[in-house]
Each structure stands twice: as structure tokens, then as C-alpha cells.
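Enquirer: My structure is below; once you've seen it, I'll send some questions.
The values are calculated or read from the model by the stated rules, or taken from the named source; none is laboratory data. Since the model is a prediction, treat every value here as computed from it, not as a measurement. When we count neighbours, we look across all protein chains shown, and the Cβ atoms used for this are built from the backbone with ideal geometry, even at glycine. Only protein heavy atoms, including side chains, enter the accessible area calculation; ligands, DNA and RNA are left aside. Shrake-Rupley method; radii C 1.70, N 1.55, O 1.52, S 1.80 Å.
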Amino acid sequence: MCMKPLKEKISITIDQDVLEKAKDAAEKDDRSLSQYINLVLREHLKSHADERGMDD
């Protein structure tokens, strides 16, 4: 049986202009804001780890 990864709710403070751009991008990508932010963070962290020669 395959289980979905666990999710955790958090609270952050974000600049209004960044939030508006993220909302627009999420809508264009047909994703929720939460899904979009998760995807962007995952890609950024993977890229950053790749630059440092680290695994996930």
C-alpha cells in the first residue's frame, strides 16, 4: 500500500508583492497556492543541493 507523504501546516510572513506573484503563477499553473509554493521550494532545494553536490 502506497501512502502519501505527510504534510505539516506552517505559518509564514511573506512580502505582499511576492505573494501576489506566487498566486498568479499558481493560477497559471492550475495549482493551489500551497501546491505551487511546495513545488517551487522543492525545486529550489534540489537545485541548491545539486550545486553543493549533496543528495536530497
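Enquirer: Filter segment 24-56 down to the residues that are open to solvent by 100 Å² or more (accessible area, probe 1.4 Å) and in a helix (DSSP H, G or I) and list them by number.
Expert: Glu27, Lys28, Gln35, Arg42, Glu43, His44, Leu45, Lys46, Glu51
Enquirer: What are the residue pairs meeting all of these: first residue in segment 7-22, first residue within 13 Å of Tyr36 (Cα to Cα), second residue open to solvent by less than 90 Å² (accessible area, probe 1.4 Å) and of a type in the set (A, V, I, L, M), Cβ atoms under 9 Å, and 6 or more apart or on different chains?
Expert: As it stands, the answer is Leu19/Leu33; Ala22/Ile14; Ala22/Leu33; Ala22/Ile37; Ala22/Val40, since those pairs meet every condition given.
Enquirer: Considering only segment 11-23, how many residues are open to solvent by 100 Å² or more (accessible area, probe 1.4 Å) and either modelled with pLDDT under 95 or not charged (D, E, K, R) (or both)?
Expert: Here the count works out to 4.
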